[in-house]
Amino acid sequence: MDLTSLTIDAARSAVQERKTTALALAEAHYDRIQKEDGQIGAFLTLSKERALAQADRIDRMAAEGKPLPPLGGVPVGIKDVMSTRGVRTTAGSKILEKYIPPYDCTAVARMEAAGAVMLGKMNCDEFAMGSSNENSAYHPVRNPRDLSRVPGGSSGGSAAAVAADMAVVTLGSDTGGSIRQPASFCGVVGLMPTYGRVSRYGLIAFASSLDHIGPLTKTVKDAATVLRTIAGRDAMDSTSADVPVPDYVAELDKPVRGMKVGVAKEYFGEGLDDEVRQAVEAAIDKLRGLGCEIVPVSLSHTPYAIPTYYLIATAEASANLARYDGVRYTLRARGVKTLSEMYRRSRDEGFGAEVKRRIMLGTYALSAGYYDAYYLKAQKVRTLLTRDFDEAFRKVDAIVTPTSPTPAFRLGEKSNDPLAMYLADIYTVTADLAGIPGISVPCGETKDNLPIGLQILGRHFDESAILRLGHAYEQAA
């Protein structure tokens, strides 16, 4: 049995039936990390002591014949923007290089309560700001499918670890596409739940009205299993929704025949790679063959999504990152003589170029005389984008699009052109702005064997529909 290629069900069943142990599963994944991660760079910190202690608890349950919890013994990775008690949490930034949180992120606590074994913390773009994982203050992540290419961002380490069999499941965060785009680039499944479906307590904030936590997995069923585990109201997060959580796994096998699937022309225009277009159109044909009704829809404000996103996200980032001042738990510049010099130098030395760029953009958008012209106007356009989706979902059950306009690009290819990098998120930011759920499912490869992702978007709190469609497509394809 290859212990590093198992799905959640296979791993849990193998431990439950004593065909292997949770300890053996964890050790096999650590061996895989030692062998592969020197080239890929997906992990920033390993939490071996914590992982082996959890594995031992799971093995004792199995030995006593007790039924294991849903993720019993499953090796997982956690994006390094989620607080983990006693385990270094850097957000990919030098300013948090030595930060060790005293508490766990709610999503992490729920994963471990369900039996997951936390292998370590995943590399990411600094403070989740990036589309390539080249903005990490420590080292870039490379795509396991082609080491000369990026894995996507900002959850690049999370996607790469699953693709390279260094973890069964990882958690990522999505503010403008940071789960779905790397999932597409690495050929795995990436699910962004509805805003408020999963608690953000313990997530290091980038843009508070846009941040989501979600899983990256090998299969749609695994994504459904993880979402069922981490979803639900949390008293520690006032923005988490008090909405019933369905049994997503049980809903997967409901028929998709008769479902109305929208296709928006705005997502198939200029800039879409020909091979990506062909793969996504073939996937749409596959859904038609499964009995879905394909319906044209219009999301007319889509061209305004990127400027809207990069005003709102940077404004919120400017406010959220003001707390990193060298006073409390962050890097403090040495040799300073005044308080203002300490603030200035600590932030200058601690933040990378992309984070500084976004703080400056956001501070400008919020400044006196510009707030109404930029930030307030962007919020109004956000409302129009949301109404586009509301109108479309009166006609259809889900909308399918490419996840990214291109396959994974080469390391360094867009590093010196921020606008080109921002445009890589053109098909994903709309869902974050509207707060709706989305999933990326592999739907083919280019002639260079680079993965292509199919994005499925759904109504607020209707993750069941997009999971069901994604599962049906995955099984058929």
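Some notes on this structure:
- Among residues of the range 349-408, those that are on the phi > 0 side of the Ramachandran plot and touching a Leu at 6+ places or on another chain (Cβ under 6 Å), counted: 0
- Answer residue from the range 323-377, given it is hydrophobic (A, V, I, L, M, F, W, C) and farther than 29 Å from S83 by Cα and is surrounded by the most Cβ atoms within 10 Å (Cβ to Cβ) among those: A365
Okay, residues lined up against (1) buried (at least 21 other Cβ atoms within 10 Å of the Cβ); (2) touching an Asp or Glu at 6+ places or on another chain (Cβ under 9 Å); (3) not acidic (D, E):
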position: F389; (1), (2), (3): yes, no, yes
position: P407; (1), (2), (3): yes, yes, yes
position: D417; (1), (2), (3): no, no, no
position: Y422; (1), (2), (3): no, no, yes
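A quick yes/no check of all residues on (1) assigned by TED's automatic domain parsing to the domain that holds D146; (2) closer than 25 Å to T330 by Cα; (3) in a helix (DSSP H, G or I):
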{"site": "R12", "(1), (2), (3)": "yes, no, yes"}
{"site": "D31", "(1), (2), (3)": "yes, no, yes"}
{"site": "T45", "(1), (2), (3)": "yes, yes, no"}
{"site": "L52", "(1), (2), (3)": "yes, no, yes"}
{"site": "A55", "(1), (2), (3)": "yes, no, yes"}
{"site": "R60", "(1), (2), (3)": "yes, no, yes"}
{"site": "L68", "(1), (2), (3)": "yes, no, no"}
{"site": "V76", "(1), (2), (3)": "yes, no, no"}
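- Residue among E316, E270 that alone is loosely packed, with under 15 Cβ neighbours inside 10 Å and either among the hydroxyl-bearing types (S, T, Y) or over 30 Å from G72 (Cβ atoms) (or both): E270
- Selection over the range 273-283 of residues that are buried (at least 19 other Cβ atoms within 10 Å of the Cβ) and out of contact with any Phe, Trp or Tyr (no Cβ under 9 Å at 6 or more places or on another chain) gives a count of 2.
- So G152, is it out of contact with any Lys or Arg (no Cβ under 6 Å at 6 or more places or on another chain), part of a loop (DSSP other than H, G, I, E, B) and more than 21 Å from I359 (Cα to Cα): yes
- Pick from the range 424-468, criterion among the hydroxyl-bearing types (S, T, Y) and within 16 Å of A398 (Cβ to Cβ), ranking: surrounded by the fewest Cβ atoms within 10 Å (Cβ to Cβ): S464
The values are calculated or read from the model by the stated rules, or taken from the named source; none is laboratory data. Bear in mind that the values here come from a model prediction, so they are computed numbers and not experimental data. Backbone-built Cβ (ideal geometry, glycine too); neighbour counts: all protein chains shown.
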